[in-house]
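This report concerns only the one structure given below.
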Amino acid sequence: MGTETVVTGSASARPVPGLGALESVRAMREVRQGSLLAWVHQQRVVYGDVFASRFPGWVPGVPSMLVYVCQADAAREILTDTRRFVKRSPVYDEMAAALGDGLLTTEGEVWRGQRRTLQPLFTRKRIDRYTDAFLAATTVVSDGWDGRGEVELVDEMEKVTLGSVSRALFGTDVTDEVAPIVAATDELSQITVQRGMSPFAPPRWLPTPENRRIQRLEGDLRDRITRIVERAAARSAGGDDLVARLLDVTDPETGEHLDREEILEQSLIFLLAGYDTTSTALAFTLQELSARPELQRAVRDEIRTVVGDRQPGAEDARGLDLTQRCLLEAMRLHPPAYITSRAATEDTAIAGFDIPAGTVVSPVFAELHRNESYWPDPDRFDPDRFLPEAVKARDRYAYLPFGGGPRSCIGEHFAILEATLALAVLLRRWEVTTDGGAIPMRYGITQRSDAPVRATIAPVTGSVPA
Ligand code: HEM
């Protein structure tokens with residue numbers, strides 16, 4: 001879709017409304033100190049669903065315009081037309097420099113070959129085989145809650161998702177070894193986004209303190225992931241974990257295997273793309289449910305009815321309708337991947353606005369998910385928004401927690417199954433209560449909580465441990 005509706009270079013297209021150069025530079029400072037999403041919301045109220053920050057055109061390597069998009073039709077065009085809009089924007093260039101050439105950051109034919117090769121590893125049927133890995137990771141956390149009255153939700157959910165992804169990837173729990181990788185990438189992610197969005201970031205080769213720090217973090221990251229993958233590869237040939245699958249898999253068109261470097265880069269990307277996104281989704285689902293005790297009870301009743309006292313399986317997870325709708329609604333209000341960006345390859349137009357070649361366009365999923373045109377009473381938590389008839393009536397591109405188009409998330413089934421099983425195991429056994437207050441966030445490549453989220457946990461009477 002998209003291409004036939006385009007008014008490329010059309011005389012009828014208008015300039016994107018928005019901030020001039022001075023205002024944009026001032027706004028960057030404001031955003032660094034406060035919340036990017038609060039700022040985007042304010043600008044949308046003033047300028048509308050598509051607005052721009054303009055920068056002086058003479059700064060080398062810097063786009064003169066950054067366009068924020070909070071509208072479904074425009075998001076559809078940007079995400080589906082991979083010829084007119086490519087990932088190679090300053091933020092992605094920074095990410096590629098930091099993380100290598102994995103599926104998340106490659107482009108064109110290289111990306112197409114990788115996606116073709118890796119897609120079969122992420123079908124629903126294949127992901128179902130990681131059910132035991134997901135259950136084992138959550139059960140460790142759930143058992144660890146015994147005798148504790150209070151837990152910190154974000155940490156606990158990170159244990160669930162790191163345990164899950166490390167078991168699924170490497171066939172064993174390597175959480176302890178993975179933890180320093182996570183800390184390094186967390187820091188890199190924030191530097192990356194700040195550099196990618198700043199017109200004044202010094203080039204990487206300059207030996208500034210920040211650049212030296214980046215080099216140290218990247219070197220450390222690489223050494224650590226190499227050690228883990230090499231060990232997993234030696235151990236798991238013929239096994240079912242993702243590293244073993246990566247060793248086996250071939251490109252269906254060329255018949256080529258991945259080399260060691262590619263296996264390393266893809267493993268790193270799966271690890272990084274897969275853990276904090278899912279843990280943020282889980283923490284927010286629990287936080288929203290803890291503010292609504294009746295809804296939490298209804299979810300628990302559903303889990304007990306569908307699963308009873310058994311170990312839940314993948315089919316059970318698919319039957320947990322209300323539980324999954326709560327997860328989807330939590331990701332509407334708090335999408336872990338809250339924004340993305342593309343660069344226009346030619347002079348074009350979106351939503352009737354002029355987009356010169358080189359412009360960076362950023363669908364802001366978090367603001368799109370609260371756009372009143374698609375979401376009445378947008379700040380209210382309401383899982384019924386995801387009943388089948390409501391979903392059918394809504395524009396598919398109004399809800400994009402996993403992105404859209406050919407480059408949408410390859411790990412969607414992985415994340416949904418993992419998170420649903422985690423909710424089933426935890427909520428069957430534990431009643432979770434938080435103070436329900438707003439959670440301060442940090443904005444890197446993904447959004448993450450910037451402060452502890454404390455929850456009181458109490459065993460559910462009569463529950464049977466998973
Ligand atoms: C709740 C959890 C998750 C969320 C919210 C999420 C979100 C997203 C989004 C929005 C994109 C598209 C980015 C864009 O268009 O620029 C994406 C891409 C991607 N995700 Fe996820 N993700 C999640 C979990 C996972 C997991 C578990 C994995 C792997 C095990 C994964 C691997 C990837 C990869 C490799 C891509 C790049 C795909 C491509 O470009 O072909 N994600 N994710």
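Observations, loosely collected:
- C-alpha long axis of helix 131-144 to longest principal axis of the chain, angle in °: 70
- Start at zero, step by 5 Å, and the Cα-Cα distances of the stretch 301-363 spread as 4, 14, 15, 11, 9, 10, 8, 7, 8, 7, 5, 2 percent across the bins.
- 5 angstrom amide H check on Phe353, placed H, neighbours 5+ away: Arg14
- Cut-off 15 Å between beta-carbons: net charge of the residues surrounding Glu150, Lys and Arg +1, Asp and Glu -1: -4
- Furthest towards positive pole of dipole, Thr208, Gln324, Leu162, structure part the chain, Cβ charges: Thr208
- Rounded tilt (10° steps) of 293-307 against the dominant C-alpha axis of the chain: 60
- In this Cβ point-charge picture (+1 for Lys and Arg, -1 for Asp and Glu), the stretch 324-466 has a dipole of about 460 debye about its Cα centre.
- Under 27 Å from Lys392, Cα to Cα: lysines that are on another chain or at least 8 residues apart: Lys125
- Treating r as the C-beta distance of Ala183 and Asp301 and R0 as 41 Å, the FRET efficiency rounds to 0.55.
- Charge dipole (the stretch 3-459, unit charges on Cβ, about Cα centre) - positive-most of Ala184, Gly436, Gly20: Gly20
- Against the chain, whose longest principal axis is taken from its Cα atoms, helix 175-197 shows a tilt of about 20°.
- With the largest listed first and rounded to whole Å, the semi-axes of the equivalent ellipsoid of the chain from the Cα gyration tensor are 35, 27, 22.
- Seen through its C-alpha gyration tensor, with square-root eigenvalues sorted a ≥ b ≥ c, the stretch 337-412 comes out prolate because a/c lies at 1.5 or above while a/b is bigger than b/c.
- Three-way shape call for the stretch 179-317 based on the alpha-carbon gyration tensor, with the a/c threshold at 1.5: oblate
- The label-point distance for Phe200 and Thr254, in a model that sets each label 7 Å from Cα toward Cβ, rounds to 4.3 nm.
- Karplus (6.51, -1.76, 1.60) ³J(HN,Hα), θ = phi - 60°, over the stretch 71-86, in Hz, Gly and Pro reported as x: 9, 5, 4, 5, 4, 4, 4, 5, 7, 8, 9, 6, 7, 7, 10, 10
- Taking a ≥ b ≥ c as the square roots of the eigenvalues of the alpha carbon gyration tensor, the stretch 111-208 is oblate, as a/c is not under 1.5 and a/b does not beat b/c.
- If only the Cβ of Lys and Arg carry +1 and only the Cβ of Asp and Glu carry -1, the dipole of the stretch 3-459 around its Cα centre is close to 540 debye.
- Within the same chain, lysines fewer than 8 places from Lys159 are excluded, and of the rest, none has a Cα less than 23 Å from its Cα.
- The phi-based Karplus calculation (6.51 cos²θ - 1.76 cosθ + 1.60; θ = phi - 60°) puts the 3J(HN,Hα) values of the stretch 220-226 at 4, 4, 5, 4, 5, 5, 4 Hz, whole numbers, x for Gly and Pro.
- Under the simplified labelling scheme, the Ala38-Arg310 pair shows an inter-label distance of 4.8 nm, with each label point 7 Å from Cα along Cα→Cβ.
- Across the options Ile228, Pro406, Ala314, the greatest Cα extent toward the positive end of the charge dipole of the chain (unit charges at beta carbon of Lys, Arg, Asp, Glu) belongs to Pro406.
- Distance-filtered residues of the stretch 285-314 - backbone nitrogen under 17 Å, label point 7 angstrom along Leu387 Cα→Cβ: 295, 298-299
- Charge context of Glu107, other residues only, Cβ under 15 angstrom, K/R +1, D/E -1: +3
- Pairwise FRET efficiency - Arg318 versus Thr172, Cβ, R0 = 25 Å, nearest 0.05: 0.40
A short reminder: the numbers here are calculations on the coordinates, not readings from a lab. Just so we're clear, the structure is a prediction, and the values are computed from it rather than from any experiment. Virtual Cβ from ideal backbone geometry, glycine too; neighbours counted across all protein chains shown.
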